[in-house]
Amino acid sequence: MLTLGIETSCDETAVALYDSEAGLLAHRLHSQVDLHRAYGGVVPELASRDHIRKLPLLIRDVLERAGTDPATIDGVAYTAGPGLIGALMVGASVASSLAFSWRVPVLGVHHMEGHLLAPMLEDDPPEFPFVALLVSGGHTMLVAVEAIGRYQILGETLDDAAGEAFDKTAKLLDLPYPGGPALARLAESGRDGRYRFPRPMLQKPTCDFSFSGLKTAVVVATRDAVLDDQERADVALAFEQAVVDTLAGKCLRALGETGASRLVVAGGVGANKRLRERLGAEMSKLGGRLFYPRVEFCTDNGAMIALVGALRLAAGQVDADGPVARARWPLDSLEPL
Ligand code: KG4
Ligand code: ZN
């Protein structure tokens, strides 16, 4: 099953070609970071327009790189949600038009299912069941994964997502958008123990998260001070440690609740080195294993969408009522395979 995957849910235009037997054949991504930087965050209308401009070029490029004749493509998949509605509609329309002209089935897939299954793009994929920590700019959740499409949400953020907390704290530290990777880089030169921030909700007997108080703690600690570069790095390190401790603590709780011995971490914040190292160490202590996609497939990408599309199209699922775009879409409402 040769599937073209299209991702346009936020500020990355991404395309990939995935073959059920041979794996990933080609993928391309255009990041809109330069376009949105001046505004300090994503401007939805600019995002939609840029997806329209870049998508046809990326699709042509992916087909050329893979040496693929469009006549051999068996299906098209696109991100149908959750995400920015205008941006989603670009991907949905382009994917549906291509599928119509190529006379192949088309399917809108769930962005977070893409993140969740992205480790299956790697050589040593996790077996089911596992627990997944999904940490992105818009979501923070712990999910019990029984099988493809069988997802039970064990806990979610009550306010800010982990990536959002990284981005907002980075802004407080005058770091450029997008803040998460910049803050992580700054934290590398931080001195341990100079600041200490709360570990929100860690003692509560649930798998839910809350990050807005942590951001406020950073505001309070820094508002009357003029920080030099070293002190900004110290704050960045203390913030990152607080987030990592909190995420790791909740993962351990979720593993305890489910009895799972495999943990997947995915989504943009899953690219964070300190988080990966900590979760890896915790899993070794437990005699379990941590799985994650390569860094470029932790953040938004087309490969994860092509993969989910290939799996679901092969099972006969298709868009029955035309293109779909949903700003909100609960992960636990998906159809099992
Ligand atoms: O999954 P993603 O690419 O897009 C969404 O679906 O939201 O995640 C983007 C988020 C941003 O908040 C970004 O700052 C964060 O992931 N991020 C990181 C790192 N790389 C990306 N946060 C912490 N450390 C990183 N290395
Ligand atoms: Zn994402």
(request) Take the Cα gyration tensor of region 212-337, multiply each eigenvalue by 5, square-root it, and list the three semi-axes largest first, rounded to whole angstrom. (result) 35, 21, 14
(request) For each of 139, 27, count neighbouring Cβ atoms within 10 Å of the residue's Cβ, then give the residues from fewest to most. (result) 139, 27
(message) So if I average 1/r over every pair of distinct C-alpha atoms in region 50-208 and take the inverse, what Kirkwood radius in Å does that give?
(response) 19.1 Å
(message) Rounding to the nearest 10 and keeping the result within 0 to 90°, find how far the Cα-based axis of helix 303-314 lies from the longest principal axis of the chain.
(response) 50 degrees
(message) Give me the extension gain from residue 281 to residue 294: residue separation times 0.36 nm, minus the current Cα-Cα distance, reported in nm with one decimal.
(response) 2.9 nm
(request) Give 204/273; 215/250; 54/273; 250/273; 168/273; 215/273 a once-over and call out the pairs whose C-alpha atoms are over 28 Å from each other. (result) 54/273
(request) Calculate how steeply helix 162-172 sits against the longest principal axis of the alpha-carbon atoms of the chain, using the helix alpha-carbon long axis, and give the answer as 0 to 90 degrees to the nearest 10. (result) 60 degrees
(request) Two decimals is fine: what's Rg over Rh for region 127-292, C-alpha atoms, Kirkwood radius as Rh? (result) 0.98
(message) For a protection proxy built on the mean count of beta-carbon atoms within 10 angstrom, sort 311-320, 169-178 highest first, please.
(response) 169-178, 311-320
(request) In whole Hz, with x marking every Gly and Pro, tabulate ³J(HN,Hα) for region 232-243 from phi via Karplus 6.51 cos²θ - 1.76 cosθ + 1.60, θ = phi - 60°. (result) 5, 5, 5, 5, 4, 5, 5, 5, 4, 4, 5, 5
(request) Summarise the long-distance tail of P(r) for the chain by giving the % of C-alpha pairs beyond 24 Å. (result) 54 percent
(request) Sort out for me the Cα centre separation of region 266-288 from region 40-72, rounded to whole Å. (result) 32 Å
(message) Whole angstrom only: what separates the Cα centroid of region 134-174 from the Cα centroid of region 195-220?
(response) 14 Å
(request) Divide by every residue of the chain the summed helix terms, -39500 (n - 2.57) for each DSSP H run of at least 4, and state the resulting mean residue ellipticity at 222 nm, rounded to the nearest 500 deg cm²/dmol. (result) -13500 deg cm²/dmol
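FYI, it's all coordinate maths here, none of it is from the lab. From a predicted model like this one, the values you see are computed outputs, not experimental measurements. We place every Cβ from the backbone using ideal geometry, glycine too, and count neighbours over all the protein chains shown.
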